[in-house]
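What follows is one structure encoded as structure tokens, with my remarks underneath.
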Amino acid sequence: MSTLTLKNIVKEFTSGSGASASTTQVIKGVDLEVKDQEFVVFVGPSGCGKSTLMRMIAGLENATSGDILIDGQRINDVGPAERGLAMVFQSYALYPHMTVGENMGFSLKLAGVSKEERAKKVNAAADVLQLGPLLDRKPKALSGGQRQRVAIGRAIVRNPSIFLFDEPLSNLDAALRVQMRIELARLHAELKATMIYVTHDQIEAMTMADKIVVLQGGVVEQIGSPMELYHHPRNRFVAGFIGSPKMNFLDVTVTDVQAEGVTVRLPDDSESLVRVAGQPEAGSAVSVGDRLTMGVRPEHLILDDSGPLGGQVQVIERLGGVTSLYLASPDGSGDGKIGGLKADDQADSGWILIADGDVASRVGDNIRYTFDSARAHLFTSDGLALPSLDRHPLTGLTRQDNSLSSVSAAQATDV
Amino acid sequence: MSTRASGRTVGGLRTLSLQAPAVGLLLMWMLIPLVMTLWFSFQRYNLLMPSVSGFAGVDNYYYLLTDPSLWTAMGNTLLLVGWVLVATVVGGTLLAVLLQQEFFGRGVARLFVIAPFFIMPTVSALVWKNMMMHPVNGIFAWIASLFGLPAIDWFASLPLTSVIIIVTWQWLPFAVLILLTAIQSLDDDQVEAARMDGAGPLAIFFYITLPHLKRAISVVVMIEMIFLLTIFAEIFVTTSGGPGLATTNLAYLIYIRALLDFDVGGASAGGVIAIILANIVAFFLVRTVAKNLEN
Amino acid sequence: MMTSSTNSVAAASMAVNASRARRSVLNRKLVLTLVAWTIALMMFFPIFWMFLTSFKTEAEAISTPPSLFFTPSIDGYIEIQARADYFKYALNSVVISLGATLLALLIAIPSAYSMAFLPTKRTQTTLLWMLSTKMLPSVGVLLPVYLIFRDLGLLDSRTGLIIIYMLMNLPIVVWMLYTFFKDIPKDILEAGRMDGASTLQEIFHLLLPLTLPGIASTGLLCVILSWNEAFWSLNLTTSNAAPLTAYIASFSSPEGLFWAKLSAASTLAVAPILIFGWMTQKQMVRGLTFGAVK
Ligand SMILES: Nc1ncnc2c1ncn2[C@@H]1O[C@H](COP(=O)(O)OP(=O)(O)OP(=O)(O)O)[C@@H](O)[C@H]1O
Ligand SMILES: [Mg+2]
């Protein structure tokens, strides 16, 4: 039973010395509620403060202001070891001079646990992670994946109420990452612990999280379930950040605002009704003539010779099952550049279209396509999304709904 | 409380308390003698003339700063430090490159080369003075006689050079030790890549090895400077600062004043000047070198 | 037929080339050996000569040309031992060097730890300032130190010299340790902190085992510097606490008149630290980089 609450957490770093000292605010007031046994994932671009936030939760870094509560207790002034947390570092941070067993038992040793007790707990954790045969090896003699498991084992041994993971899988190769991802999910179910997880990896975030926290520049952009973030991004940043390949963006003009949606004019002068409210979460309502940005995910574009959008194919990536077409932007702004290979987050020129594997287009072809207007998003010039009028049916889905154990549990109750 | 921001949360000892012993001791080590030295430097205080005492104002400084021997001593200090640095860095680099190559008995040869570093400065000064550079019985004199050359009376005719030779002999191994370690850390791939690019041994040395050694050379310069500025035993044993003031460096001048002339006031003024100089050097040179190291 | 013969010719010429290449590698090695050994012997010669002279009679010691072949005698050693008890001085040297080194490490470790892992704006300045204290000429502060030691009863005591040497070496020790500590990934200490290690446990269970080679070489350097220090030992000790540097000084007063004996005394004074230095040279080199090798 462990909940974590962050209340208006601020973190400032002071650098330089004397008169030239400058203070940078790295975390700018973060609020977060983590429920018991929840799996929360922090995502965001590099340098946005994910690690800093996690280190404050761990107690390795002081919060400049704000409260950190575990189970309702303020723990700002409690040392890292007394918070009942365990952290798995990106670099694993194994103690190189200790064997695997000693690594895992170190915290117990410091706590004065007897040798037999220690061995019992270490062995139990080693069994969970299939580390038994490696207990007497030094970290140097382990493979990357094995080191990773030892680092997790070291956390498990402490029997923490909350696990913290800072990009734990980023040093592993793709296949191993998939395996560890599944293993971590299994562990989460088995240990019934709360887990907080930092990652760069879209797939990790989408598949593992109960709740994703999107951070940018020390500010929380959105908190929600993976499906909620995917289908109902709160703003353009989240829309662009969640989902891979990235969402395509296009400038459009409002021609009509009504109860059933907002109508916009596309570059080819055709109009399209998008089912969103005309009033963003904050700021003034949109009115006819406003410039908005429309966003459509690559997988929601449909090849259609009479479609309203078009562009020249610049690069084709055939993966067999699906084909990615990198296109010049429908409004022509992406001409000459390779579409989709967006140099920075704000570069919108160039679109990507995910078609099925058998599409016959060639580079240089001019193709036309349309989009599913129910899947389109509109953003004001401030970047705020106009709220969709229809909730996507899957946004209420929990992660448990995706796993076999919950199905069998449901079946069991049926019987 | 500004130290709190630096990492450890509650329960950890503060930076201050961890550093307190070392910093405190060194402060005492520096300040107490400094204050006493400062105090003496303003006193008329000569052990030979106990009747003369009292406040001297800046007289001691005046005499010292107008005394040409101070400037001679400063010049000698700089010459000594400068030449030894040049000799050890250049010689050390070449020797390190040489000792890095494969040859027979490399391990033992290395031991021989670094041996002088372990020898007491007093002993090495004595050995050089009596057995190497002695104008009659020294090895150098004997070698000269083999070629029919007149023996050189090293400490009489080339006093500062002689001291520089001795000190270089002592510090060359230190430079070799550090530079050799640095060379060994040079990536073989880099050398091989350069060789593929058509670089000969000389080009490899100048474009690959030397830049790689930059940090190590900085370290050698910094450490040696710290020790060379206060060279004392070698001069004391060999020339006693002479002939005249030819080998008197700042440390030795203060020694002459304090212990030979019994002029505590004057010696203290010299000490204060030395301390100020040390801090100036520390401020500029050490800072430059340390910056070099940080990057 | 034709092709096979050209092939064999080519093969033969290749073999010749290969053996030529091998021979040139060997030649190069021989030349290198010659050059390196010449320099090594020249560097070592004064020490070797001192060692040799210590087994000569006084007459042989000053003979010209220098006598290379002579009947070795240990008379010099016997005589100097009769004049001053070598072992007393040697014991003092050992106790003082080790004591000063241990004390310096003890005081420097927490300081270097905080500089490396809890750096503040002042860290760099503090470090530089520490080093600058080493540039003070000892003579400049001799008098005050002498007076203080006299009042505290530390003159001619091992404790006194241990304190002085500790202070003398502290800046270098702090700096060296700082460079070693800085190489330890911060993550590992943080993991230790998460595991519940206190600062002291962090230092003893993690930092020290991980930086043992560095600490060893720091300690070795410190021992060598303390062993060889002459200024303070000559001015602050008379007999009780006098180390080997003072022992040498007691033989050098009749200035070069008794070279064989002086050489014998010097050999005795130098031998322990030289052998110690040679034996530990591997460890020392490994750490003696002052962060210069990345
Ligand atoms: N000790 C520090 N002093 C000053 N600034 C710091 C410090 N630690 C981190 N920062 C700054 O805080 C910001 C957030 O860093 P943080 O490590 O939390 O990013 P991150 O989101 O984890 O990035 P990444 O995905 O690359 O790991 C960065 O701009 C970084 O430069
Ligand atoms: Mg990070």
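The values are calculated or read from the model by the stated rules, or taken from the named source; none is laboratory data. All values reported here derive from a predicted model rather than from experimental measurement. With ideal geometry, Cβ positions are generated from the backbone for all residues, glycine too; neighbour counts draw on all protein chains shown. The area values use the complete protein model at the heavy-atom level, side chains included, leaving out ligands, DNA and RNA. Shrake-Rupley method; radii C 1.70, N 1.55, O 1.52, S 1.80 Å.
Every residue, every condition in (1) within 17 Å of A:Phe241 (Cα to Cα); (2) more than 16 Å from ligand 2 (Cβ to nearest atom); (3) hydroxyl-bearing (Ser, Thr, Tyr); (4) within 14 Å of chain C (Cβ to nearest Cβ), yes or no:
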site: A:Gln148; (1), (2), (3), (4): no, yes, no, yes
site: A:Ile152; (1), (2), (3), (4): no, yes, no, yes
site: A:Ile156; (1), (2), (3), (4): no, yes, no, yes
site: A:Asp210; (1), (2), (3), (4): no, yes, no, no
site: A:Glu221; (1), (2), (3), (4): yes, yes, no, no
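The single residue among C:Leu105, C:Leu34 that is within 22 Å of C:Arg158 (Cβ to Cβ) and either within 7 Å of chain B (Cβ to nearest Cβ) or not acidic (Asp, Glu) (or both) turns out to be C:Leu105. Evaluation of B:Trp142 against the conditions (1) over 20 Å from B:Val176 (Cβ atoms); (2) more than 7 Å from chain C (Cβ to nearest Cβ) shows that the sole unmet condition is (2). Exactly one residue out of C:Thr101, C:Thr71, C:Thr57 is without any contact (Cβ under 8 Å) to a residue 60 or more places away in the chain and at negative phi: that is C:Thr71. Checked against (1) farther than 29 Å from A:Ala141 by Cβ; (2) touching a residue at least 60 places away in the same chain (Cβ under 8 Å); (3) not hydrophobic (A, V, I, L, M, F, W, C), A:Gly79 passes all but a single condition, namely (2). Segment C:144-232 holds helices (runs of 4 or more DSSP H) entirely within its bounds, and those carrying 3 or more residues that are open to solvent by 20 Å² or more (accessible area, probe 1.4 Å) map to C:158-182, C:212-228. For segment A:160-204, a tally of residues being among the aromatic types (Phe, Trp, Tyr) and within 16 Å of ligand 2 (Cβ to nearest atom) returns 2.
Residue-level check: of (1) open to solvent by less than 20 Å² (accessible area, probe 1.4 Å); (2) part of a helix (DSSP H, G or I), B:Phe103 misses just (2). For segment B:196-215, residues that are modelled with pLDDT of 80 or more and open to solvent by 50 Å² or more (accessible area, probe 1.4 Å) total 9. Quick check: anything in segment B:92-115 away from chain C (no Cβ under 12 Å) and aromatic (Phe, Trp, Tyr)? The answer is no; no qualifying residue exists.
Taking every residue in segment B:250-269 that is closer than 18 Å to B:Gln43 by Cα and pairing it with any residue that is basic (Lys, Arg), at least 6 positions away or on another chain, the pairs with Cβ-Cβ distances below 6 Å are B:Asp263/B:Arg257; B:Gly265/B:Arg44; B:Gly266/B:Arg257; B:Ala267/B:Arg257.
Of the listed requirements (1) modelled with pLDDT of 85 or more; (2) open to solvent by 10 Å² or more (accessible area, probe 1.4 Å); (3) more than 7 Å from chain C (Cβ to nearest Cβ), B:Met133 misses just one: (2).
Against the conditions (1) at the interface with chain C (Cβ under 10 Å from one of its Cβ atoms); (2) open to solvent by 60 Å² or more (accessible area, probe 1.4 Å), B:Leu149 satisfies every one except (1).
Residue-wise test of (1) under 26 Å from the mean Cα position of the chain (by Cα); (2) closer than 30 Å to A:Lys35 by Cβ.
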| residue | (1), (2) |
| --- | --- |
| A:Glu221 | yes, yes |
| A:Pro226 | yes, yes |
| A:Phe237 | yes, yes |
| A:Asn248 | yes, no |
| A:Asp268 | no, no |
| A:Ala282 | yes, yes |
| A:Leu303 | no, no |
| A:Ile316 | no, no |
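Only helices (runs of 4 or more DSSP H) whose full extent lies in segment A:130-219 are considered here, and the ones with at least 1 residues that are within 16 Å of ligand 1 (Cβ to nearest atom) and surrounded by fewer than 21 Cβ atoms within 10 Å (Cβ to Cβ) are A:202-208.
Among the numbered conditions (1) near ligand 1 (Cβ under 10 Å from one of its atoms); (2) surrounded by fewer than 22 Cβ atoms within 10 Å (Cβ to Cβ); (3) modelled with pLDDT under 90, the only one that A:Ser17 does not meet is (1). Just checking, does segment B:269-281 include any residue being facing another protein chain (nearest Cβ under 9 Å), surrounded by 22 or more Cβ atoms within 10 Å (Cβ to Cβ) and polar (S, T, N, Q)? No, segment B:269-281 has no match at all. Is there a residue in segment C:120-130 that is open to solvent by less than 50 Å² (accessible area, probe 1.4 Å), assigned to a loop (DSSP other than H, G, I, E, B) and without any contact (Cβ under 8 Å) to a residue 40 or more places away in the chain? Yes; the residues of segment C:120-130 include at least one that is open to solvent by less than 50 Å² (accessible area, probe 1.4 Å), assigned to a loop (DSSP other than H, G, I, E, B) and without any contact (Cβ under 8 Å) to a residue 40 or more places away in the chain. Inspect segment A:56-68 for any residue being out of contact with any strand residue (DSSP E or B) (no Cβ under 6 Å at 6 or more places or on another chain), within 27 Å of A:His200 (Cβ to Cβ), within 14 Å of ligand 2 (Cβ to nearest atom) and open to solvent by 30 Å² or more (accessible area, probe 1.4 Å) and give the result as yes or no. Among the residues of segment A:56-68, not one is out of contact with any strand residue (DSSP E or B) (no Cβ under 6 Å at 6 or more places or on another chain), within 27 Å of A:His200 (Cβ to Cβ), within 14 Å of ligand 2 (Cβ to nearest atom) and open to solvent by 30 Å² or more (accessible area, probe 1.4 Å), which makes the answer no.
In segment A:77-94, the condition of being more than 16 Å from ligand 2 (Cβ to nearest atom) and more than 22 Å from A:Ala193 (Cβ to Cβ) is met by at least one residue. Residue selection: A:Met227 fails the criterion of being within 25 Å of A:Val100 (Cα to Cα) and either part of a helix (DSSP H, G or I) or open to solvent by less than 10 Å² (accessible area, probe 1.4 Å) (or both). Taken over segment A:116-129, the residue count meeting the criterion of being open to solvent by 10 Å² or more (accessible area, probe 1.4 Å), away from chain C (no Cβ under 14 Å) and in contact with a helix residue (DSSP H, G or I) (Cβ under 9 Å, 6 or more places away or on another chain) is 5.
Among the residues of segment A:25-55 satisfying the criterion of being among the β-branched types (Val, Ile, Thr) and within 12 Å of ligand 2 (Cβ to nearest atom), which is farthest from the other protein chains (Cβ to nearest Cβ)?
Here the residue is A:Val43.
Quick test for you: out of A:Ala328, A:Ala343, A:Ala347, pick the one residue that is modelled with pLDDT under 90 and open to solvent by less than 10 Å² (accessible area, probe 1.4 Å). Just a single option satisfies the conditions, and that option is A:Ala328. Just give me the residues in segment C:38-84 being more than 11 Å from C:Trp259 (Cα to Cα), among the polar types (S, T, N, Q), in contact with a helix residue (DSSP H, G or I) (Cβ under 8 Å, 6 or more places away or on another chain) and open to solvent by 40 Å² or more (accessible area, probe 1.4 Å), in sequence order. Matches in segment C:38-84: C:Thr64 only. Of all residues in segment C:116-140, exactly one satisfies the criterion of being among the β-branched types (Val, Ile, Thr) and under 24 Å from C:Leu244 (Cβ atoms), namely C:Val139.
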